[in-house]
Structures are given as C-alpha cells and as structure tokens.
1. Which GluC sites (Glu not before Pro) in the stretch 242-293 pass both tests, a DSSP loop state and at most 12 other beta-carbon atoms within 10 Å?
2. Provide the gained length on full extension for the span Tyr227 to Thr108, in nm with one decimal, where the gain is 0.36 nm per separating residue minus the Cα-Cα distance.
3. Report, to two decimal places, the Cα Rg of the chain normalised by 2.2 N^0.38 Å (N = number of residues).
4. Give me the net charge of Gly70's neighbourhood, meaning all other residues with Cβ under 15 Å from the Cβ of Gly70; Lys, Arg count +1, Asp, Glu -1.
5. Quote to one decimal, in nm, the extra length available between Ser16 and Leu79 on full extension: 0.36 nm per residue of separation minus the C-alpha distance between them.
6. Accessible area of Ile67, 1.4 Å probe, to the nearest 10 Å²?
7. Which translational diffusion coefficient, to the nearest whole µm²/s, is obtained for the stretch 144-293 from the Stokes-Einstein equation, given a Kirkwood hydrodynamic radius over C-alpha pairs, 4 °C and 1.567 mPa s?
8. On average, how much accessible surface per residue is there in the chain, in Å², for a 1.4 Å probe, leaving out ligands, DNA and RNA?
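The values are calculated or read from the model by the stated rules, or taken from the named source; none is laboratory data. Predicted model, so just to flag it, every value in this text is computed and none were measured. Counting neighbours? That spans all protein chains shown, and the Cβs are built from the backbone with ideal geometry, glycine included. Surface accessibility is based on the protein's heavy atoms, side chains included, excluding ligands, DNA and RNA. Shrake-Rupley method; radii C 1.70, N 1.55, O 1.52, S 1.80 Å.
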Amino acid sequence: MIIVTDPERKMRLPFSRGILTRSITLAGVDVGVAYIIATEVQKELNEKGRRLVTTEEIRELTYRKLIEHGLEEAARRYLFWRQLRRLKVPITILLGGATGVGKSTIATELAFRLGIRSVIGTDTIREVMRKIIAPELLPDIHASSFLAWRTIHAEGGGGSPLIEGFKSQVKHVSVGVSAVLERAYKEGSNAIIEGIHLVPGYVELRENSFMYVITVGSERDLEARFYERARYSKRSADYYLEHLEEILEIQEFIVERAREHGVRVIENVELEKTVNAIMEDLMERLRERIGRG
Ligand SMILES: Nc1ncnc2c1ncn2[C@@H]1O[C@H](COP(=O)(O)OP(=O)(O)O)[C@@H](O)[C@H]1O
Ligand SMILES: O=C(O)[C@@H](COP(=O)(O)O)OP(=O)(O)O
C-alpha cells in the first residue's frame, strides 16, 4: 500500500485512485482519461517501490502525465485547482433559474468535481419556512413559485401578477438564503446553493461568491426535462407542463434581472458543457482575485 502524506497538514492516508481521478476531472478532463492517468501515476509509484509519497510529489507526477498525454491546458487547470485548495479560499456558488432547467443536476456535478460537501436547495429552505410560518401569515411561500400570484393581493400598478407573486415569494425565501450564506461566510466553508429563488439583486453577495443563471433554450427542451425528471422523482411532469408558459415567463424575468446585475446566464444544453463553462468562469474570476490579493 502506498501512503500519501502532507507534512504541512500532518495528513496520512492510503493512496486512492478514485480521489486522484476526481481531482483530475476537476481540470475538465474526461473521467475515463482521468482514470487512466491516475492509474499511470499509481503504476509509476509502485514501480519505483515508493511506500510513502507527499501530495506535492503526486501533484508533480500528475502534472507531468497530463503533459505527456498532450493535455497542456488541463495540466494548467489542474495545478490551479490544487493551489486554490491549498490556499483554502472558501467559495460559494449560487445557481438560479426557472424550475426544470437543470440546476440541481448541475449543482450535484459541480459539488462532486470541486469536492464541496454542502449543496442546499432553496426548495428545502422554503419547506422549512413553510413549517414555521403559517399560510395565514405568509401565503405566497406555500405555493409553487408560478402559483404564488394566486395567494397575494397585487397592488395594481400594471405589472404582471405572475411576476409580482413570484417576486414576493423570492423576497421571503431570500431571508432564509441570506441566513445560509451568512453561516457559510462565518464558517469559511464552501457551499453550493441552487434554486429558483436565487434571483440576482435579492441577496447580498460577498467576495468569492459566484452566481449563475441557468436557462433552457426552448419550450420543447423544458418539456423534455420535466418528463425526464418524472422518471426518477415523484414530481409529475403534467403539473409543470400545465404551467409551462408561466415557467417560461419567470425564466424571462430572471434573465432580465441577471442582465441588469451583470450575472452570467448559461444555457444548459449539454450538462458536461454547462459544468465546464461554470468551472472555466470560476477559474478565470478566482485567478483574477487571487492575483489581486
Ligand atoms: N443538459 C441537460 N441535458 C438533458 N437533460 C438534462 C440536462 N440538465 C439536466 N437535465 C435533466 O433535466 C431534469 C430537470 O433537471 P433538475 O436538475 O431537476 O432541474 P431543476 O433543479 O432546475 O429544477 C432532470 O431529469 C435532469 O437529469
Ligand atoms: O416553486 C417552484 O417553481 C418549484 C421550484 O423547484 P425547482 O424545480 O426549481 O427545484 O418547486 P415545486 O413547486 O416543485 O415544489
């Protein structure tokens, strides 16, 4: 067995190809190729009869293997993410967007790649708030986002009642979102928050918080997502399909807010590409900040 040590952090743990594979995929390398590289690293260490290696040595060896495979760009990214981990820069990622666009799927994949243990859905925050605050007190949080308008008495003023209802729910759930963010900032921990209630402009973001708005390009694509989701969850496709127009109007509103607040909007066509686009953007922005710091 090869033992990995990190003298700085007094860490000792058995070499795991799985852990190394994951850290290589973080650099945008396909999982199959990452596995091959991790296997080659392990083989080389075994051939050299190494029983104790430092994380620094594994980094250098992995970097070299990536270069040997002609993956220069990935090698550069790999070193960046390792450096970021060592610097212990806590990051929070917020993924907004209408229901069904793929936020929770993307959040799970990002969490896996970045090794982030905490993924919180604003649906869950809303659910907790529902238990504490009675419908008589705060009716809008007790409905789906696209039905919240039925529970409120819009002030008039010519705005869309659907959007007014949605805004009211977002405003209330944002109180819970801010609490979760505050906690993450206080602990200095990494977190991913995803949900329809993450609308640009409603929560205050600090440095190293990164927000993205996820969209689908067409009604047909969105329909397909609801059918797909219904295959493994109890959320029936029909319920959302009946409200497709409202859901797309909410998407339009969120996108408008994103443009106003300079939040990046990413159309989720292929999951892999969406996740890579976020990773790439995160890397660029973190690199700028670390450079400045
Ligand atoms: N890029 C994609 N291509 C095809 N299907 C996707 C993509 N992203 C997500 N999905 C699927 O669409 C469905 C809805 O995604 P989900 O993550 O539940 O959305 P949200 O959290 O935004 O409501 C899921 O079944 C998911 O597997
Ligand atoms: O309010 C809404 O539009 C959805 C948002 O959930 P996500 O699909 O965005 O997670 O919640 P639901 O009504 O299904 O409980």
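1. Glu242, Glu270
2. 40.9 nm
3. Relative to the rule-of-thumb radius for its length, the chain sits at 1.15.
4. Cβ neighbours under 15 Å give a net charge of -1.
5. 20.8 nm
6. 60
7. 75
8. Heavy-atom SASA per residue in the chain reads 53 Å².
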